[in-house]
Each structure stands twice: as C-alpha cells, then as structure tokens.
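Here is the structure we will look at.
Computed from the coordinates by the stated procedures, all read-outs in this text should not be read as laboratory data. Since the model is a prediction, treat every value here as computed from it, not as a measurement. FYI the Cβ positions are ideal-geometry reconstructions off the backbone, even for glycines, and counts take in every protein chain you see.
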Amino acid sequence: MTRLLFWIALIILVVMAVRSKLRAAVAARSYHPQGGEEMPAGAAAHAHPRVEESERMTSCAQCGIYFPASEAVREGGQDYCSQAHARQPAASRPD
C-alpha cells in the first residue's frame, strides 16, 4: 500500500512540474519587452499576448507562389514575385 501511495504522489508531482514549465514557457513567449527592458518578476503569469496584424498576401501572376503584398512587383496591373517574372513575355506564362 505504501508503494502505491508513493507512485501516485510521484506521478502527481511530475504532472505538476510539467504543467508549471509549460505555463512559464507560454507566458515567456507571449511577453515581448520593448527596448531591451527586463521582464519584471511575476509579469510572465499576467502578461497578455500581443495581437499582431497579418499582412495581406498576393500571388505571382507568373508562377502562382503566394508572398506578402508589400514585396510585390507591380507590372501591367498584376503582381509578380520578382522583376524577372514581371519581365517575362505573356506568351510564356502558364494559364
């Protein structure tokens, strides 16, 4: 009976330790200090994750790959992933 209680207590301690480590890792990942400032003690447990806006994606009219719209090369009203694709003749473009 003593062995059974020992194993149950050991399992409970291991589960609690793993949950604590996971919680600390998630909190540390969601907190990004600005300007190199140190994270205050206990702040990781109360930090709110940042919500970053996602950038609009567009596809290349030549190869079809998706990439951020801010990196697009505009030519003839269409988006291209590079200058080389923008310069290729329309006849060689896949339909």
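Charged neighbours of Ile11, selected by a Cβ distance under 15 Å, balance to +2 (K, R count +1; D, E count -1). With both labels modelled 7 Å from their Cα along Cα-to-Cβ, the Val18 to Ser54 distance reads 3.1 nm.
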